[in-house]
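Since every read-out is calculated from the coordinates, none of them should be taken as a lab result. Keep in mind the model is a prediction, meaning the values are calculated, not measured. When we count neighbours, we look across all protein chains shown, and the Cβ atoms used for this are built from the backbone with ideal geometry, even at glycine.
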Ligand code: ASP
């Protein structure tokens, strides 16, 4: 068994480990762990602690994936909802669809009896407006919110590097490998912007026979490269975990146009090995891991992509 979580998974990784120890299926262990992260106001990228879009509204993306059946459920740009990972799991469990977005996803939350909650902290609201005010002309300010938002998106790109996603990957005691993701996405994003966290193959992918991967930070890049799927497919084709990661890193580093930023890749293989790689993030990246030999989850530093490149693997043609 193993649970791997990003730097901000600390409020919930212990809960997920507890569930795994009682024999829970991976997906049933991941959701209660993620719910604790979503409720923690100190975590500034998801749930209550997250950041709003340009209009000051929270919109969340989340997913769950079962690597044994390759079933997944996802929600994207969902307003007024805290427990979006639980909602994504309900999509997987109950609907013939795999993803709901926006008002449709919120409607489904209503049908399930989820609380309606604006999920915007007063502090986040103040920071949101202060940042926005600085990049608006007097005319834009007078017209706001009835002013074109696209120019503001460029001016305010990632103003405080306040992006991140909670990602959990686990292998349960029956060798099911599962993933879960949850995020408020890119702070000050254009309303309706969807990142990689609900997109299978980009922000997450799991196949219990080979392993799983989940990404944080610049979803605009992992969506272009299908990074999570690349890693799991490479494992399927017989590469080792490091080799599979090097392939995904090379593909990300080949991107030269569009919005380029950092990416963090979290991955496990079917044998329970794990790796977390910082691909171009300026800040130090940490992660959490739990295995049954450990009393509690441990925090470690991610390896730098540069240090993974000692034996460079060419991208497939
Ligand atoms: N990857 C997420 C997104 O693009 C955000 C993040 O992890 O920083 O929405």
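Data for the structure
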item	result
DSSP-defined antiparallel bridges as percent of all bridges, the stretch 1-151, nearest 5	65 percent
Per-residue Cβ neighbour rank within 10 angstrom, fewest leading, 122, 298, 83	122, 298, 83
Overall form of the stretch 1-79 per C-alpha gyration tensor (a/c, 1.5; a/b vs b/c)	oblate
Which of 210, 259 has the fewest Cβ neighbours within 10 Å, and the rest in rising order	259, 210
Rounded to 10°, Cα long-axis angle of helix 227-236 versus longest principal axis of the chain	10 degrees
Percent antiparallel among DSSP beta bridges (both partners in the stretch 261-307, rounded to 5)	85 percent
Radius, Kirkwood style, for the stretch 135-221 when every pair of distinct Cα atoms is counted (Å)	15.1 Å
Nearest 10 degrees, 0 to 90: helix 84-94 Cα axis against the chain principal axis	60 degrees
Relative contact order [Cα under 8 Å, 6+ residues apart], the stretch 216-312, whole percent	24 percent
Between helix 122-135 and the chain: long-axis angle, C-alpha atoms, 0 to 90°, nearest 10	70 degrees
Per-residue Cβ neighbour rank within 10 angstrom, fewest leading, 290, 129	129, 290
Volume per residue that the Cα convex hull of the chain spans, once the total is divided by residue count, Å³	130 Å³
Kirkwood Rh (inverse of mean 1/r, distinct Cα pairs), the stretch 68-129, angstrom	12.4 Å
For the stretch 83-168: span of alpha carbons on each principal axis (Å, largest first)	49, 29, 24
Binned Cα-Cα distance frequencies in the stretch 232-312 - 10 Å width, integer %	16, 46, 31, 7, 1
Fraction of alpha-carbon pairs over 24 Å apart in the stretch 165-317 - percent	27 percent
Reciprocal of mean inverse Cα separation for the stretch 1-147 (Kirkwood radius, Å)	16.6 Å
